[in-house]
Amino acid sequence: MSISPDFKRNEAVGLDLGWLNHIHVNKAAADRRAASLANRRSVKKEYQAAWLLKAISVIDLTTLAGDDTPGRVERLCRKAMRPLRADLVEALGVQDLNLTTGAVCVYHEMIQHAVPVLQGRLPIAAVSTAFPAGLSSMETKLREIELSVAAGASEIDIVITRQHVLTGNWQALYDEMLAYRKACGEAHVKAILATGDLVTLENVAKASWVCMMAGADFIKTSTGKEGVNATIPVSLVMVRAIREYYEQTGFMVGYKPAGGVSTAKSALQYLTVMKEELGNEWLEPHLFRIGASSLLTDIERQLEHYVTGNYSAAHRHAQP
Ligand SMILES: O=C[C@H](O)COP(=O)(O)O
């Protein structure tokens, strides 16, 4: 991650149940705001290409499939380092940008195949802690984090234990998150809330707060494996929690919508949410990522249309 030297990493501030008791989510208002974002053109047409390039720079280019192979991961890494076809880079006149995605995101076992291709030029995010359900022993999950960091991951995407949220056991969630944060050491930790499993937006808000209070560097919506993954209403709740946490503590926590974000249009909506709710500072890769496996293909297609006026079939674009 390119982080400015004075960036102050979030630290555990202690579990304050008083903050949680104040949380109230107006679901109807969140839904209305989400609908207004979906219905309006989020970015003026003349700026769309620039915004799509920005979107590419914050993608955690992901492959998290049971049939992942070393070859697939190596292709993914090469794509992450050169996410746009050379002719499009030239036509857009953005050779000097040296555009890359924000990171690649893989299973622990695949880190070893990403390392030689990326050679430290891009962060490797690993999903550790028994992704996606997280239902292994704590000892196993902490060991997995340590092994992922030792193998070369500089970002760890952990999954929380959903039952702690569903039973209101905030102390257990705090303790778990704190232990993960400690096991990560210098590696940054993204807390996956699996919001599709959490039933209410109030639970999403409370889980966001507890994970931030326990030192999460990012809060992330989903594993991509829940029935419902990233949505705009959930994002509004989470980014507002990030804003309030910043107002209370001075710590800037990052946000990562993930799962089902596959169109350029939806990426622009998430960028708009970040810009309007948190401001331009939160549009940089150290504070914003989009976890996605197929989004880049659609963005490349839209940029080709911008350059040539035509769409080519999606299969013509290199799939990671
Ligand atoms: O963390 C990222 C997600 O697992 C990717 O989900 P996706 O395949 O729906 O883009």
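Cβ-Cβ contacts under 7 Å between residues 6 or more apart (or on different chains), taken from a first residue in region 143-158 that is under 10 Å from Pro123 (Cα atoms) to a second residue that is in a helix (DSSP H, G or I) and within 16 Å of the ligand (Cβ to nearest atom), are listed as Gly152/Ile111; Ala153/Ile111. Among (1) within 29 Å of Ala80 (Cα to Cα); (2) in contact with a helix residue (DSSP H, G or I) (Cβ under 9 Å, 6 or more places away or on another chain); (3) touching a residue at least 60 places away in the same chain (Cβ under 8 Å), there is one condition His188 misses while meeting the rest; what is its number? Here His188 meets the rest and fails (2).
Mind checking whether some residue in region 9-19 is closer than 30 Å to Val159 by Cβ and free of Cβ contacts under 8 Å to residues at least 60 places away in the same chain? Can you show your working first?
Just the residues of region 9-19 that are closer than 30 Å to Val159 by Cβ, to begin with: 9-19.
Those left that are additionally free of Cβ contacts under 8 Å to residues at least 60 places away in the same chain: 18.
The answer is yes; a qualifying residue exists.
Against the list (1) modelled with pLDDT of 95 or more; (2) more than 16 Å from the ligand (Cβ to nearest atom); (3) closer than 24 Å to Tyr255 by Cα, the condition Tyr47 fails is (1).
Within region 233-275, how many residues turn out to be on the phi > 0 side of the Ramachandran plot and within 16 Å of the ligand (Cβ to nearest atom)? If you could, list the steps in order and put the result at the bottom.
First, the residues of region 233-275 that are on the phi > 0 side of the Ramachandran plot: 250, 259-260.
This time we only want the ones that are within 16 Å of the ligand (Cβ to nearest atom), so: 259-260.
Summing the residues that are on the phi > 0 side of the Ramachandran plot and within 16 Å of the ligand (Cβ to nearest atom) in region 233-275 gives 2.
Which number in (1) more than 18 Å from the chain's Cα centre (by Cα); (2) within 16 Å of the ligand (Cβ to nearest atom) marks the one condition that Val149 misses? Against the list (1) more than 18 Å from the chain's Cα centre (by Cα); (2) within 16 Å of the ligand (Cβ to nearest atom), Val149 comes up short only on (2).
Per-residue answers, yes or no, for (1) out of contact with any strand residue (DSSP E or B) (no Cβ under 6 Å at 6 or more places or on another chain); (2) of a type in the set (A, V, I, L, M, F, W, C); (3) in a strand (DSSP E or B); (4) surrounded by fewer than 22 Cβ atoms within 10 Å (Cβ to Cβ):
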| residue | (1), (2), (3), (4) |
| --- | --- |
| Ile219 | no, yes, yes, no |
| Thr223 | no, no, no, no |
| Val228 | yes, yes, no, yes |
| Ser235 | yes, no, no, no |
| Ala241 | yes, yes, no, no |
| Glu244 | yes, no, no, yes |
| Glu247 | yes, no, no, yes |
| Gly260 | yes, no, no, yes |
| Thr272 | yes, no, no, yes |
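Checked against the criterion of being more than 18 Å from His22 (Cβ to Cβ), crowded, with 23+ Cβ neighbours inside 10 Å and away from the ligand (no atom under 16 Å from the Cβ), region 156-176 has at least one qualifying residue.
When the residues of region 78-111 are filtered to those that are of a type in the set (Val, Ile, Thr) and under 22 Å from the mean Cα position of the chain (by Cα), the one that is nearest to Phe131 (Cα to Cα) is Val106.
Considering Val58, Val73, Val43, which residue is in contact (Cβ under 8 Å) with a residue 24 or more places away in the chain, among the hydrophobic types (A, V, I, L, M, F, W, C), surrounded by 18 or more Cβ atoms within 10 Å (Cβ to Cβ) and under 25 Å from Ala130 (Cβ atoms)?
Numbers: Val58 fails: under 25 Å from Ala130 (Cβ atoms); Val43 fails: under 25 Å from Ala130 (Cβ atoms).
Among Val58, Val73, Val43, only Val73 is in contact (Cβ under 8 Å) with a residue 24 or more places away in the chain, among the hydrophobic types (A, V, I, L, M, F, W, C), surrounded by 18 or more Cβ atoms within 10 Å (Cβ to Cβ) and under 25 Å from Ala130 (Cβ atoms).
The values are calculated or read from the model by the stated rules, or taken from the named source; none is laboratory data. None of the values given here were measured: they were computed from a predicted structure. So basically every Cβ, Gly included, is an ideal-geometry build from the backbone, and we count neighbours across all protein chains shown.
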